[in-house]
Amino acid sequence: MALLEINNLSIAVASQGQLLPVVTDCSFSVAAHETLGVVGESGCGKSLTALAIMGLLEGSQVNITSGSIVFDGRDLLQLRPAQRRAIMGNQMAMVFQEPMTSLNPVYRIGEQITEVLQQHRKITHRESRQRALELLDLVKIPHPQDRIDSYPHQLSGGQRQRVMIAIAMACEPALLIADEPTTALDVTVQKEVLDLMLDLQTRTGTSIILISHDLGVIAETCDEVAVMYRGRIIEKATTASLFANMAHPYTRGLLASIPTIDTDNDWLQAIPGRVPGIDEKVNGCPFHPRCAHTETPCTQTAPRLIDTHPHHAVRCHFAGEI
Amino acid sequence: MLGYTLKRLLTLIPTLLVASILIFLFVHLIPGDPASILLGDSATPEEIASLSAHMGLDRPLWQQYLVWFKNVLHGDFGQSIFFKTPVLEVIADGAETSICLALMTMFWIVLIGIPVGIVSASFHGSWVDQITSGGAMLLASIPTFWLGLYLILIFSVGLGWFPSSGFPSISDEGGLSNLRYLILPSLTLAAPNAALIVRLVRASMLDVSREDHVRTARAKGLHPARVSIKHVFRNALIAVAAAFGFTFAALVSEAVVTETVFSLPGIGRLVVQSILRRDYPVIQGVILLIVLLYLVINLLVDLAYARLDPRVSLQ
Amino acid sequence: MTLRTTIAAVFRGRKLAALGAVWLCIITVAAIGAQFIAPFDPLEIDPIARLSEPGLPYLFGTDHFGRDTFSRAVYGARMALIIGIGSVLVALICGGLIGLLSAYFSTLGHFLMRIIDVLMAFPALLLALVLMTLLERSVINTVIVIGIVYATTTARIFFGMTLKLKNEVFIDAARCSGAGHGSILFRHILPNLWSPLLVQASFIFAFAQLQAAALDFLGLGLPPEVASWGNMLAEEKIYITRAPWLLMFPGALIILSVFSMNLVGDAMRDSIDPRFKNDIAGI
């Protein structure tokens, strides 16, 4: 059985008295010890899906309108807030995109790590500090003994993200959600942080949902991939199958927009146009205004997710033909 | 820390100098000759002339200022025209009342303003928030003296719970129980200021709650109340502390009115009465001391600010 | 954006603020048409009807001279408007100019802001009281004094906002295309500050009412014969036990007007440029 199963999840944002859908009918699952990549341009609903799984949409203008999120056999949406909080930071943890602002500037990093331990474990102050030192060592912060009493502003962006990972891994969660964990970092640091996460995964066996707009990162790290566009999954496959049988024009567009050094292309191919705003209505296939292969059915009916290969589904009228 | 404090104390000097010049000029801006103003209408020309010479009024203005300022530095603010005693003694007589009133007022502000602000921000957008933040704004819209008059009417005249005016010293008979004289005044004075604090705490907490680190705290599975207090309020306190200097200034303004309404023998009423009596040395002295107090409080606020925000380093 | 859509945006979802705006309109109408609305002369004394209770013909009762409280309250609205608008103009013109120029010409600004900082060390009411001792009690002097007191905060606020704008790219662009100082200040910077200026004006208007009432109460504001809400409270305060309603009406009028102005200011503040939101010193 999968560790996490998302079934028909729909999310909408309340705006001026109406509900605008931002994620529609989204289903996927993550097996234990596996890594799922979620990829798409900004504004396609990746982060909101992650926040929904984590339980961080409470109290915002964004609401889950239907579907279920089954984690470890329990539907998270049916749990009481206290039960939900017992899972947050404990069996399920999250690393955010902005390491510069994700730590509280007024507390020392040691305090911010031990806080989550003391929330979920029966543990003395001394033990939790010892564990925090181990965690800092684990995320390869040099001289943890000196660093544990630093304030966030005394650390570099890469180090702060390592601290965020230490906080997330503190209770050895079964699932780690990483929302663009390296986007805000220097290129040289990006690789180190990704390697660190994969290294921690092999040690602890945690499952990871890695959200990224970069297919290259996904290709290197993930077992399975879900491609999202305008709140829908438009292609879903194992990483191997995705790159072997890439079917959706949008996925191909994403791949073509990655710069490579071994081709002779002088320019990058960008996907024309932009993601329409959530208040704009598009009939038929949501991608058709930007698609090079648009034909009559595309503008009229929305395509369904169709299996084209084993473990490979595509939401396109011409899947496998183009 | 010590070095910074000394440096800041040094920067107070030019401000104080400018303030003292303004305060000194104030008496000289009054239409008419200071000596005749000081002596009143019944003075003879000889008396005026002799006082003028005694005060050095025949000398250039800048020399007069230096003499006055030198005296001030020695703690000599001159003689009160009305009381015929040194200004500093007159002020000292009102200090106890004003300090007790200020402390009791601060007690109410912190006890009521901060928790209500936290509740208001924590239930942002709900009816609780609308009532508390709207109520705070209404409270801040009430003239202090009007509130004081009706509190007297209801709780002193009507119910007889508290005395309506005056304040015997706590060293007199009755001891600390004399503080009951200050309950209505301190509530009157606290009302608009607590309302300001409620609005301030609420606005700063709403600002902080949109920051990314609050999401991190929630992702740890902490109880919402814990997130509110430990993470949101603690960070909002930085902005609240920064605005504290302004609260002090507002407090002094309203203390003047409150002490008058409740006939309290404090410095605030002393100012009003001195202005009505044209007792200029007292006005000068009190205002100089209040400005000094304001500057010192702002220095303390800056020091507290650095304690509250580790990103600020005192250099 | 037209005026109509702007107003709609400010008051959308803020029923209380909209009610406040309605109340301010009523006050304005009363102030303009006072002589048509007030049933009696506000200064006319009726010795037989001293301290009469609310009813007919004296809607709000009469004061200890036997003057009609309702008529005085209507004329008080006129005085409230004069004090409010007058102080706002003085504060915005003096404070706005000082702030704008200080931020733009930094040598002059350093000196001027120092003085402003010193003046801000004087608590508002105290500064007003001291200034009033130098002047005769009159409407114009009260307006000037309250205006000067709030000019200090206004100068500080404008100083901060102009500094933020001064380094924007569009100012550099204007300078590169040969715009002079005056043109940059008044055609490029100032127009961006109109809406924060309006918000600041509404808060000054509200504060000025409270400040003027306090001055009246202490006997250092408007001349005693002027029918203002503050004077009505000041004159009748000793009759509060005999005629509690006497202080109720003018008090309620002050509270409602200040509250309404604060609500409107608060609503407007939420719809201005977020960069300037925290600069405005309101409630």
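Helices from chain A with mean Kyte-Doolittle at least 1.0 and a Cα length along the axis of 20 Å or more, per DSSP H: which?
Flagged H segments: there are none.
Checking understanding here: applying a Kyte-Doolittle mean of at least 1.0 and a length along the axis of at least 27 Å (C-alpha), which whole DSSP H helices in chain B pass? Walk me through the intermediate numbers first.
Values: long enough: B:2-29 (40 Å, 1.77); B:87-108 (31 Å, 1.33); B:183-209 (36 Å, 1.22); B:280-308 (41 Å, 1.93).
Helix filter hits for chain B: B:2-29, B:87-108, B:183-209, B:280-308.
Taking the inverse of the average 1/r across all pairs of different Cα atoms in the stretch B:25-154, what Kirkwood radius in Å do you get?
Kirkwood radius, the stretch B:25-154: 19.9 Å.
In a GNM of chain C with a 10 Å cut-off on Cα contacts, which of C:Ile255, C:Ile48, C:Ile116 has the highest mean-square fluctuation?
Greatest mean-square fluctuation among the candidates belongs to C:Ile48.
Taking every residue in C:107-118, how many Cβ atoms of other protein chains lie within 10 Å of its Cβ, on average?
Mean partner-chain Cβ count within 10 Å for C:107-118: 2.
For B:Trp161 and B:His54, what is the calculated FRET efficiency with R₀ set at 51 Å and r taken between the beta-carbons, to the nearest 0.05?
Once the sixth-power term is evaluated, E becomes 0.45.
In the Gaussian network model of chain B, springs joining C-alpha atoms below 10 Å, which of B:Thr85, B:Thr188, B:Thr132 carries the largest mean-square fluctuation?
Fluctuation is largest for B:Thr85.
Under a crude label model (7 Å from the Cα following the beta-carbon direction), how far is A:Arg126 from B:Asp207 in nanometres?
Modelled inter-label distance: 4.3 nm.
Within a 10 angstrom radius of the beta carbon, how do C:Ile171, C:Ile204 rank from fewest other beta carbons to most?
So the ranking, lowest neighbour count to highest, is C:Ile171, C:Ile204.
What nm distance separates the two modelled labels at B:Leu66 and C:Ser177, each placed 7 Å from Cα along Cα→Cβ?
Roughly 5.7 nm, to one decimal.
So if a site counts as exposed when it's one of the trypsin sites (Lys or Arg not before Pro), its DSSP state isn't H, G, I, E or B, and it has at most 10 other Cβ atoms within 10 Å, what's the longest stretch of chain B without one? Intermediate results must be reported in sequence, preceding the final value.
Working: sites that count: B:Lys84, B:Arg210.
The reported range is B:85-209.
Quick check: from the Cα gyration tensor, does chain B come out rounded (a/c under 1.5), prolate or oblate? Working shown, then result.
Values: a/c = 2.82, a/b = 1.61, b/c = 1.75.
Here chain B falls in the oblate category.
Which pairs break 23 Å Cα to Cα here: A:Lys46/A:Lys122; A:Lys46/A:Lys236; C:Lys15/C:Lys277?
Violating the 23 Å Cα-Cα cut-off are A:Lys46/A:Lys122.
P(r) for chain C: what percent of alpha-carbon pairs falls in each 10 Å bin, starting at zero?
7, 25, 29, 22, 11, 4, 1, 0
Between B:Val214, B:Val272, B:Val87, where does the largest GNM mean-square fluctuation fall for chain B, given springs only between Cα atoms within less than 10 Å?
B:Val214
Using a basic spin-label model with each label point 7 Å from the Cα along Cα→Cβ, how many nm lie between C:Thr133 and A:Thr204?
The two pseudo-label positions are separated by 7.0 nm.
Taking the Cβ-Cβ separation of B:Glu173 and B:His28 as r and a Förster radius of 41 Å, what is the calculated FRET efficiency to the nearest 0.05?
Once rounded, the FRET efficiency stands at 0.35.
Hey, could you get me the Stokes-Einstein D for the protein assembly as shown, Kirkwood radius over alpha-carbon pairs, 10 °C and 1.306 mPa s, rounded to whole µm² s⁻¹?
It comes out at roughly 49 µm²/s.
Please average, across the residues of B:253-265, the number of beta carbons from any other chain that are within 10 Å of each residue's own beta carbon, and give a whole number.
3
Determine, for A:Cys171, C:Cys176, the number of other Cβ atoms within 10 Å of each Cβ, and report the residues in order from fewest to most. Display every interim value, and only then the final one.
Working: A:Cys171 21, C:Cys176 8.
So the ranking, lowest neighbour count to highest, is C:Cys176, A:Cys171.
Set the Förster radius R0 to 22 Å, insert the Cβ-Cβ distance between B:Leu111 and B:His223 as r into 1/(1 + (r/R0)^6), and round the FRET efficiency to 0.05.
Calculated transfer efficiency: 0.40.
For chain A, state the average projected area of the convex hull of the C-alpha atoms over all orientations, rounded to one decimal in nm².
For chain A, averaging the hull's shadow over all directions gives 18.2 nm².
What number do you get for the stretch C:139-283 when its Cα radius of gyration is normalised by 2.2 N^0.38 Å, N = residues?
Normalised Cα radius of gyration, the stretch C:139-283: 1.38.
Can you spot the lysines whose alpha carbon is less than 29 Å from B:Lys70's alpha carbon? Ignore those fewer than 8 places along the same chain.
B:Lys7, B:Lys84
Angle, helix C:69-90 long axis vs. longest principal axis of chain C, Cα atoms, 0 to 90°, nearest 10?
20
Just so you know, all these numbers are worked out from the coordinates, no wet-lab data involved. Please read these numbers as outputs of a predicted model, since none were measured by experiment. Neighbour counts run over all protein chains shown; Cβ positions are idealised from the backbone, glycine included.
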